[in-house]
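Comments concern the structure below.
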Amino acid sequence: MSNPAADTARVALAARLSPSSLAHCERVSVFARGLAIRFGSDADEAALAGLLHDWSRDDTAAELLAYAQRDGLPMCDVDRAVPYLLHARVAAAQVREAFPGIAPAIVDAIAVHTVGEVDMTDLSRIVYIADMLEPSRTFEGVLELRALALAPDTTLSQLLFASYRRSVLHIIGCGRRVHPDTVRVWNALVAEADA
Ligand SMILES: [Fe+2]
Ligand SMILES: [Fe+2]
């Protein structure tokens with residue numbers, strides 16, 4: 001078992017992603033490395049997970065649905081209505097196929113980078129946050145979240161809570177469907193914040 005070298009991952013990504021998607025992955029990788037250092041996680045693992053997280057971002061809806069069906073990934077109505085949401089779990093499965101020795105923690109972080117999961121690992125939290133806060137993001141509130149990330153007393157739990165809250169508000173503000181897992185994750189994060 002060993003993780004692919006970052007350059008090996010880059011070559012594989014460059015063969016499948018658009019230049020803009022590849023650049024996003026590079027920014028997420030850098031941001032994830034910084035968060036890992038900040039919060040005491042494995043920086044190389046975070047950087048690699050950030051690099052690979054959008055392996056399937058450029059797949060079409062038809063490709064995502066076909067792969068999810070072929071691989072037996074559980075799908076709900078929201079996944080079928082918004083196949084883009086599948087790109088995280090499809091990416092995790094495809095990365096595991098492409099790099100058989102890769103750490104399961106990285107695969108898991110890739111799988112949950114859009115919706116999250118209850119009891120997210122620190123690595124999954126870091127990739128989720130890095131994907132949301134990387135420097136090209138411009139949504140309302142991103143500057144406050146980046147400031148929170150830099151504030152010395154902020155915990156990873158607090159940063160995830162604030163980021164996830166912003167994401168849920170955005171989904172509802174746009175009038176979009178809320179994935180059932182999002183409701184579960186949000187309730188778990190509220191419970192974690194209350195504990
Ligand atoms: Fe993504
Ligand atoms: Fe992304």
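None of the figures in this text is laboratory data; all of them are computed from the coordinates on show. Quantities reported herein were computed from a predicted structural model and do not represent experimental measurements. Glycine also receives a Cβ, built like all others from the backbone with ideal geometry; neighbour counts cover every protein chain displayed.
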What single numbered condition from (1) surrounded by 14 or more Cβ atoms within 10 Å (Cβ to Cβ); (2) more than 15 Å from ligand 1 (Cβ to nearest atom) fails to hold for ASP44? (1)
Taking the range 48-64 as the region of interest, how many residues are more than 10 Å from ligand 1 (Cβ to nearest atom), touching a residue at least 40 places away in the same chain (Cβ under 8 Å) and of a type outside the set (A, V, I, L, M)? 2
Taking the condition in contact (Cβ under 8 Å) with a residue 40 or more places away in the chain and either farther than 30 Å from PRO152 by Cα or charged (D, E, K, R) (or both), does PRO4 pass? yes
For the range 16-26, give me each residue that is crowded, with 19+ Cβ neighbours inside 10 Å and not hydrophobic (A, V, I, L, M, F, W, C). HIS24
Scan the range 123-153 for residues that are in contact with a helix residue (DSSP H, G or I) (Cβ under 9 Å, 6 or more places away or on another chain) and in a helix (DSSP H, G or I) and report the count. 18
Single unsatisfied condition, ASP54 versus (1) in a helix (DSSP H, G or I); (2) under 14 Å from the mean Cα position of the chain (by Cα); (3) closer than 23 Å to THR138 by Cβ: (1)
I'd like to verify a number: residues in the range 58-67 that are under 18 Å from the mean Cα position of the chain (by Cα) and either buried (at least 20 other Cβ atoms within 10 Å of the Cβ) or not in a loop (DSSP other than H, G, I, E, B) (or both), how many? 2
List the number of the failed condition for SER124; all other conditions in (1) among the hydroxyl-bearing types (Ser, Thr, Tyr); (2) within 14 Å of ligand 2 (Cβ to nearest atom); (3) farther than 27 Å from GLU192 by Cα hold. (3)
Go through the range 76-122 and tell me which helices (runs of 4 or more DSSP H), entirely inside it, have 2 or more residues that are within 16 Å of ligand 1 (Cβ to nearest atom) and buried (at least 24 other Cβ atoms within 10 Å of the Cβ). 87-98, 104-111
Working carefully through the options ALA32, ALA43, ALA36, ALA23, find the one that is of a type in the set (Gly, Ala, Ser), within 14 Å of ligand 2 (Cβ to nearest atom) and under 17 Å from THR121 (Cβ atoms). ALA32
Does at least one position in the range 119-138 carry a residue that is of a type in the set (Lys, Arg) and within 10 Å of the chain's Cα centre (by Cα)? yes
